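Presented below is the structure to which this report refers.
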Amino acid sequence: MGAAGAFEIAEDQVTKDQRTIAKNAVSFGLIYGRSAAALAADFGWTVRKAEAFKEKYFGKYAGIHDYLEDQREFILTHGLVISHFNRYRRLPDVNNENEGIRNKAVRDGINAPIQADSSDCVLVDAYRMIKWLFKHRMKSRVIISVHDSITIDTYIPELKAVQRKLAWFMRDRDFVEEKTDWRCRVPFDVDASLGKSLGEMVELKAQGDSFEIPDQCS
């Protein structure tokens, strides 16, 4: 959505590279206080156009602006931040004399609860996936979870079933709500990549509730 607005194209025309640029410049950039001048440089806009886009962005997503201000005030007051699932991130550098270090501590604090809650949900998904693989005596194995991603060493004949089940677990807000009573309104969206190694991963195309598997892997 952010990329479509930034590049002034339809959402279904957005490429992976455009999404990456928009993620850094818009979704992360504006949230972390990126200036209109920096945004203009990223997209070849005039500063006036960048200012208008920034105003429109926060006008459409007013809740983001309110959240940022509330978090910033809490961080500067208490020197820490707390995730929904009560993970603490202490931020002693908010009292540093160096303005750049102080600002970085605030940015880290704003991001910490979002990453922490996402990571907690993913850890639950990984555990459910491990149980499912053992229950069905499958050869595929969960290797690691990192932040909001899970890596699975997948036995090729099991690939379709594994990716379908993992995507279902990771989208399953009902399970999280049932176990924690957290009524999270944010969609649990999922991307999937496939490759012989982490250095050769290629993003898969979404296909309904699953992903399209290349013919050579079917």
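Express the relative contact order of region 107-218 as a whole percentage, based on alpha carbon pairs under 8 Å and six or more residues apart in sequence.
Relative contact order, region 107-218: 20 percent.
Quote the relative contact order of region 22-146 in percent (integer), defining contacts as alpha-carbon pairs under 8 Å separated by 6+ residues.
For region 22-146, the relative contact order is 15 percent.
For region 120-218, what is Rg from Cα atoms divided by 2.2 N^0.38 Å, rounded to two decimals?
My calculation over the Cα atoms of region 120-218 gives 1.08.
Would you list which aspartates and glutamates come within 20 Å of Lys179, measuring only between C-alpha atoms, while excluding same-chain residues fewer than 8 positions from it?
Asp117, Asp120, Asp125, Asp148, Asp189
Please compute the per residue accessible area over the chain with all protein chains in place, 1.4 Å probe, rounded to a whole number of Å².
Each residue of the chain exposes 67 Å² on average to a 1.4 Å probe.
Within straight cross-link reach of Lys23, meaning Cα distance under 26 Å, which lysines are found once same-chain residues fewer than 8 apart are removed?
Lys49, Lys54, Lys56, Lys60, Lys104, Lys205
Working from Cα positions, state the angle (0 to 90°, nearest 10) between the long axis of helix 99-135 and the longest principal axis of the chain.
Result, in degrees: 10.
Give me the percent of the accessible area of region 70-146 that comes from carbon and sulfur atoms, probe 1.4 Å, all protein chains in place.
Reported share for carbon and sulfur atoms: 50 percent.
Cα centroid distance between region 177-218 and region 19-59, in Å?
28
Given a 1.4 Å probe and the protein chains all in place, what does the accessible area of Tyr155 round to, in Å² to the nearest 10?
100
Hey, can you grab everything whose amide H is under 5 Å from the amide H of Ser193? Only 5+ residues off in sequence or another chain; H modelled, so Pro and N-termini drop out.
Long-range HN contacts for Ser193: Leu204.
How large a share of the accessible area of region 155-211, in percent, is made up of carbon and sulfur atoms when the probe is 1.4 Å and the other protein chains stay in place?
51
Relative contact order (percent) for the chain, with alpha-carbon contacts under 8 angstrom and 6 or more residues of separation?
About 9 percent, as a whole number.
The values are calculated or read from the model by the stated rules, or taken from the named source; none is laboratory data. Just so it is clear, the structure is predicted and the values come from calculations on it, not from any experiment. Note: accessible area is taken over every heavy atom of the protein model, side chains too, but ligands, DNA and RNA are not part of it. Shrake-Rupley method; radii C 1.70, N 1.55, O 1.52, S 1.80 Å.
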